[in-house]
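Each remark here refers to the structure printed beneath this line.
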Amino acid sequence: MTAQTDAPLLRVRGLKTWFHTFGGVVKAVDGVSFDLSPGKILGIVGESGGGKSMVGFSIMGLVDRPGRIEAGEIIFDGRDLARLDDDAMQAVRGRQIAMIFQDPMTALNPLYTIGNQLEEMLTLHTDLGPQARRARCIEMLAEVGIPQPEARLGAYPHQFSGGMRQRVVIAIAMIAEPRLLIADEPTTALDVTIQAQLLRLMKAQVEQRRTALILITHDLAAVSQMADRIVVLYCGRVVEIGASAALIASPRHPYTRGLLDSIPASHQGRSRLPQIPGTVPDIRKLPPGCSFAPRCPRAAERCRAEVPELTAAAGGSAFACHFPLEASA
Amino acid sequence: MFGHLIKRFIQMIFVLWIVSVLVFVMMSFTGDPTFMMVPLDATDEQIEQARRILGLDQSHLVQYWRFLTNLLQGDFGRSFVFRQPALQLIMERLPATLEIVFLAMIMALVVAIPLGVYAGAYPQRAGSRALMAGSLIGISLPGFWLGMVLIFIFAVKLQMFPSSGRGPTEMIWGMRLSFLSWEGFRHLILPAVTLSVGTLAILMSIIRAEMMEVLRQDYIKFARAKGAANRFVLFKHGLKNALIPLITVFGLMLGDLIAFATLTETIFAWPGIGKLLVDSIYRGDRPVIVVYLMFVAFLFVVVNFLVDVAYALIDPRIKVS
């Protein structure tokens, strides 16, 4: 990778998270590497089942059995999280690295008030007294745009709409001022009109505190407006990585091109929306060569035999393809 | 909430009325109590007279009406054997039963909750599998057998606990209670253990199943992502959610315990309402049986009513809707 202005906060190297199931080994994450500096936003993009969420859970140390981190390093602030035991990881979770989940309807415990669930973060990670905790909670709720925060502290999750709940989840994630925030499809379950609001809110929160953000999504359009760099995952492998403007303007991997083409554009008129043919293959029975070959318009004999290596290109980008698209401009 | 309570209250009354009909029908078709009342060598006139006094010469409808109006006035009849109001007999023996039932319930909960949470949180571990096997055995063990085995081991062989009877009691608020003195408490232990084993086993399996379900939820993973300790996640975020379905079962269990107490009391010669019932059935003491049945039905209905209230207390989603 090229030198970056800041020392990276997070360096992931050759991360492999595999699930040992009765049906065979599921390589959900299979050799993923990237860097992330403080205050930067990294987008992880790919279709469902592409292993995106598992990257997030691996960093959090929350991979459920039968999954486990098989190999690789997750260097966060000089420590390899992949080698920490659960007690040490517990001190990192919430305080150093926080996470936002996909579905705000189920991420909050239905039996406790949101004030209680917010305050829990402060009880776990700070020495603040009850008065100070309460004040901080009210402040935080106001910051994420919840009206009448003081009155809402005593409300239960079911009394909020989906968008408001996700604001609460963001407040919970940010209140202990983590240095890295992982947002796993944070707007997928929400109305389109709310999505943009929440993304802006997250961006503002992150910029204010110089928090690094990993934004995991299948929505390349959303991520292109937010992220500094983008990682495109397919079947657990990085197929392309690069600065987001360059990657959007001139994708080198046919899969990235396909994802970009499937975004509806208002100026396109009523023409049929292009789509990537076929579906994501069963990750337990990947084809021998490039996993994208069966769906790729450019695939040749070599693609079906030989796995393409990630090759570095100009501007700190890289792609894994035998027959890449031409770099335009 | 208030309207809901009113509705439940009306339901309670209705259920109790149905029970009164069933009890009456059962009693009317299971033999003639006249022969319990008259001497063996009674003449036909004497029998007729006894039937008239008991009101048995009238139609079933009239008899039921008298039965119901008496019930409503709190008159449950007098025991044929003890020549005392039947209700008074039940009430005198009730504290003894409640003592072993509550002690059994507490023992079951105190043991079942942590074990159930453990087995639900780590279903793969050998300890959890052993607990589930134990639970299966606990559910299957007949109480009378267990009671006799416990007497044999702890009373006869080890001589740690008395084998039967209630021991010394103390009067508190007009109730005779054993658990206040050590000697009395020692008498309580074996019957309560016998009674609690089945309940404990069932509660543990239910808590395990509920925990396994709850622990799959996103909010559990989110709580872990917050950096909370495992035990904290299990008990604060897991257990409370797992308890909601448990409360329903708890109501039914309490009823079960009172019913099973009949057997346990008989084995341990424990002078509670269960033993009174069995004795009354042997003696054909109809008024006492009637009071017992009505009383147990009443207890069931009240407990289920309280269960409903407890739901609203534990789950905020019910209070609002």
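The values are calculated or read from the model by the stated rules, or taken from the named source; none is laboratory data. Since we're looking at a predicted model, the values are computed, not measured. Note that each Cβ is placed from the backbone with ideal geometry, even for glycine, and that neighbours are counted across all protein chains shown. Please note that ligands, DNA and RNA were not included when accessible areas were found on the heavy atoms of the full protein model with its side chains. Shrake-Rupley method; radii C 1.70, N 1.55, O 1.52, S 1.80 Å.
What the table shows:
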| read-out | value |
| --- | --- |
| Residue within the range B:108-116 that is within 25 Å of B:S181 (Cβ to Cβ), without any contact (Cβ under 8 Å) to a residue 12 or more places away in the chain and in a helix (DSSP H, G or I) present | yes |
| Strands (runs of 3 or more DSSP E) within the range A:38-122 that include 1 or more residues within 14 Å of chain B (Cβ to nearest Cβ) | A:67-76, A:97-100 |
| Test result for B:E99, acidic (D, E), under 22 Å from the mean Cα position of the chain (by Cα) and assigned to a helix (DSSP H, G or I) | yes |
| Subset of the range A:194-216 [open to solvent by 10 Å² or more (accessible area, probe 1.4 Å) and β-branched (V, I, T)] | A:I194 |
| B:I47 vs. criteria surrounded by 15 or more Cβ atoms within 10 Å (Cβ to Cβ), β-branched (V, I, T) and within 30 Å of B:V307 (Cβ to Cβ) | no |
| Flag if A:R200 is of a type outside the set (G, A, S) and within 30 Å of A:Q275 (Cα to Cα) | yes |
| Some residue of the range B:14-30 being hydrophobic (A, V, I, L, M, F, W, C), at pLDDT below 75, surrounded by 11 or more Cβ atoms within 10 Å (Cβ to Cβ) and out of contact with any strand residue (DSSP E or B) (no Cβ under 7 Å at 6 or more places or on another chain) | no |
| Selection status of B:A130, free of Cβ contacts under 8 Å to residues at least 40 places away in the same chain, closer than 30 Å to B:V249 by Cα and out of contact with any helix residue (DSSP H, G or I) (no Cβ under 6 Å at 6 or more places or on another chain) | yes |
| Single residue of the range B:107-165 satisfying the filter (of a type in the set (S, T, N, Q) and open to solvent by 40 Å² or more (accessible area, probe 1.4 Å)) that is nearest to the chain's Cα centre (by Cα) | B:S140 |
| Those helices (runs of 4 or more DSSP H) lying entirely in the range B:124-237 with at least 1 residues away from chain A (no Cβ under 14 Å) and under 30 Å from A:F101 (Cα atoms) | B:182-214 |
| Residue within the range B:243-251 that is open to solvent by 40 Å² or more (accessible area, probe 1.4 Å), over 29 Å from the mean Cα position of the chain (by Cα), modelled with pLDDT under 90 and of a type outside the set (A, V, I, L, M, F, W, C) present | no |
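A quick yes/no check of all residues on (1) farther than 26 Å from A:T187 by Cα; (2) among the hydroxyl-bearing types (S, T, Y); (3) modelled with pLDDT of 85 or more:
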residue: A:I230; (1), (2), (3): no, no, yes
residue: A:G269; (1), (2), (3): yes, no, no
residue: A:C290; (1), (2), (3): yes, no, yes
residue: A:A305; (1), (2), (3): yes, no, no
residue: A:G315; (1), (2), (3): yes, no, no
